[in-house]
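Heads up, the thing below is written out as structure tokens.
The values are calculated or read from the model by the stated rules, or taken from the named source; none is laboratory data. Note that the coordinates shown come from a computational prediction; the quantities given were computed from them, not determined experimentally. Reconstructed Cβ throughout: ideal geometry from the backbone, glycine too, with neighbour counts over all protein chains shown. Keep in mind that these areas ignore ligands, DNA and RNA; they rest on the heavy atoms of the full protein, side chains included. Shrake-Rupley method; radii C 1.70, N 1.55, O 1.52, S 1.80 Å.
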Amino acid sequence: FIQADIHDQKALQGAGLGLSITKAYVGMLSGEIWVESELSRGSIFSFTIPYNAVGHASTTDSGVMVNEAPLPMVKKLKILIAEDEETSEMLMSILLKSIAASFILVQTGSDAVDAMQQNPDTDLVLMDVKMPLMDGYEATRRIRSFNTDVVIIAQTAYALSGEYEKAKAAGCTDFISKPVNKEKLLGIINKYF
């Protein structure tokens, strides 16, 4: 996707990643995205995602839709989400609401450290590695200095070679790359709870 009027000196052009990221998120949520564009008038991007208030829907052999509740956890978890992007924070909250007793939401690494000191009974930390003031790796090292039991899952959009090792070296329990796949994330969490 690019702007049609590329000759305009004031045209704002991005790297073109926004639409790709949006398409990936919509796809992970089993939705569809499309565009309607008209030269000199603009573009309208639309999407749909399914909504099912009770578990996942599936079809029986007779074609009747039934709801399947997610597998129950031993207990509901107290989850700290350290994420500086509001959209990603919201997505993580939605993906994990079925297993969460409560959420603590912070936007910086230093706030994550403070929140863990104030909430030592936290079960799970989802730690974005790229945050302002203090990155997720440094925040994890500081949390590990006073809490060695909490499960910390590093999450990053930069799934380059060596990131997993860097996360482990900082003290993270596990690692997941963005965009986060719900089934993969729940599978990782299930290993520890």
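Yes or no: L126 assigned to a strand (DSSP E or B), at pLDDT 95 or above and over 20 Å from N181 (Cβ atoms)? I'd like the intermediate steps shown before the answer.
On the way: assigned to a strand (DSSP E or B): yes; at pLDDT 95 or above: yes; over 20 Å from N181 (Cβ atoms): no.
Taking the combined requirement at face value, the residue does not satisfy it.
Looking only at region 156-172, how many residues end up being polar (S, T, N, Q) and touching a Lys or Arg at 6+ places or on another chain (Cβ under 9 Å)?
If we filter region 156-172 for residues that are polar (S, T, N, Q), which is where we start, we get 156, 161.
Subsequent filtering for residues that are touching a Lys or Arg at 6+ places or on another chain (Cβ under 9 Å) retains 156.
Total meeting the criteria: 1.
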Single residue of region 54-112 satisfying the filter (open to solvent by 90 Å² or more (accessible area, probe 1.4 Å), among the aliphatic types (A, V, I, L, M) and not in a helix (DSSP H, G or I)) that is modelled with the lowest pLDDT
M65
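Under the condition of being in a loop (DSSP other than H, G, I, E, B), without any contact (Cβ under 8 Å) to a residue 24 or more places away in the chain and out of contact with any strand residue (DSSP E or B) (no Cβ under 8 Å at 6 or more places or on another chain), which residue from region 130-188 is least open to solvent (accessible area, probe 1.4 Å)?
Step one: list which residues in region 130-188 are in a loop (DSSP other than H, G, I, E, B), which gives 130-135, 145-150, 157-162, 171-173, 178-181.
Among the residues that remain, those that are also without any contact (Cβ under 8 Å) to a residue 24 or more places away in the chain are: 145, 148-149, 159-162, 173.
Imposing the further condition that a residue be out of contact with any strand residue (DSSP E or B) (no Cβ under 8 Å at 6 or more places or on another chain) reduces the set to 145, 148-149, 160-162.
Numbers: S145: 95, T148: 108, D149: 132, L160: 120, S161: 125, G162: 35 Å².
So the residue we want is G162.
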